[in-house]
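Shown next, in structure tokens, is the structure this report addresses.
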Amino acid sequence: MQNGNTWLLKDVRHVPTLRRNLISTGQLGSDGCTVIFTANSWKVTKGALVVARGKKVGTLYLTTDSTNDCNLVASDADTTLWHYRLGHMSHKGMNIIKKNFPGYTETGLDFCENCIYGKHKRVRFLKVGPTKKESKLELVHSDVWGPAQVSSLGGSSYYVTFIDDATRKVWVYCIRKKSDVFDTFVKWKALVENETGLKLKFLRSDNGGEYCSNEFNDYCSKNGIYRQKMVPGTPQQNGVSERMNRTIMERARSMRLHAGLPLSFWVEAVSTAVYLINRGPSSALDGGIPEEAWYGKKVDYSFLRVFGCEVFVHIDKDDRTKLEAKSEKCTFIGYGGDDFGFK
């Protein structure tokens, strides 16, 4: 190729009298490539890489070999790769934080089939609700999602979210049953109050039984936490949590589909989605980053990887013999407890 890359085509036939080289799109599909045709152009992709593209001339789609077109292929692949690394973030969100991407070159985001499958939705409600709070832990939104149609590898069927209204940082905890919400809330409250030195003031949730037990009510009363329980049948009143649940599932669904992982990996996809949502721009913060608003320091994007990509893990010398392989092939399924941990 003009950009120095080699595109190896297998099972080709040599016809000396043929004036042009013809490529079978059916064969490309069998080789794991995706071929996209538009009214005036075409493109061949393999995963995040755009391996070839061209224009329509007459009734034929031809490859282009100019330097400018090949540079466009490289930058297009770069945009798509970051779209995958950021958990299928929207083009609008990527443009807001593009200055934080090492080596990122902006181009239009290509059609992403996994986003269509994962994020398709009906027309949304009009925006309603009070003004966003200014102080951390002044108001926290919470909601429970589930049950999942398939239990996770760890046996979870639900997840519960806690969203700080001021910074829009979200925490997610995957649980086996709804009755686990109270214990999860107590542990989360201790964590965030210890981190900030602040006290939780208001908790907004629906009227689900997991939030309305005597144990939950007594705990909030003793700890000075005011409850804001929504009117039954009006999920819009808990709009922050409802929208966050939708965003989490859209991103998680798109990532899992792109990775080709079974439904039982939904917890890993959800956890990774939340990790990336906290590091992406929030419209409630006018493009600000929740993680930066919570901790007060810049987010590092340099170590992000595509969910479901192939990785090689080092095997410690104590776990292998001298003749055995020093690494093994694995699949990347998320981030650990800190910025440099991987699963």
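Readers should treat all values here as calculations from the given coordinates under stated rules, not as data from a laboratory. Just so it is clear, the model here is predicted, and its values are computed rather than measured. So basically every Cβ, Gly included, is an ideal-geometry build from the backbone, and we count neighbours across all protein chains shown.
Structure above, values below:
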read-out: Alpha carbon Rg of the stretch 170-327, scaled by the compact-globule rule 2.2 N^0.38 Å; value: 1.32
read-out: Computed over the stretch 139-295: relative contact order in percent, which uses C-alpha pairs under 8 Å that are six or more apart; value: 24
read-out: Mean projected area in nm² (Cα convex hull; one quarter of hull surface) for the stretch 164-220; value: 4.2
read-out: Distance violations [Cα-Cα > 25 Å] among 177/199; 56/92; 187/329; 136/298; 169/199; 136/297; value: 177/199; 56/92; 187/329
read-out: Calculated from backbone phi, Karplus (6.51, -1.76, 1.60) coupling profile of the stretch 8-25 in Hz, x at Gly/Pro; value: 8, 9, 9, 6, 8, 10, 9, 10, x, 8, 6, 6, 10, 7, 9, 10, 8, 5
read-out: Relative packing of 270-276, 314-320, 239-245, which averages over residues the other C-beta atoms within 10 Å, highest first; value: 270-276, 239-245, 314-320
read-out: Amide H contacts of residue 143 (H built 1.01 Å from N, under 5 Å, at least 5 apart or other chain); value: 161
read-out: Kirkwood-type radius of the stretch 132-242, with distances r between different C-alpha atoms, in Å; value: 14.4
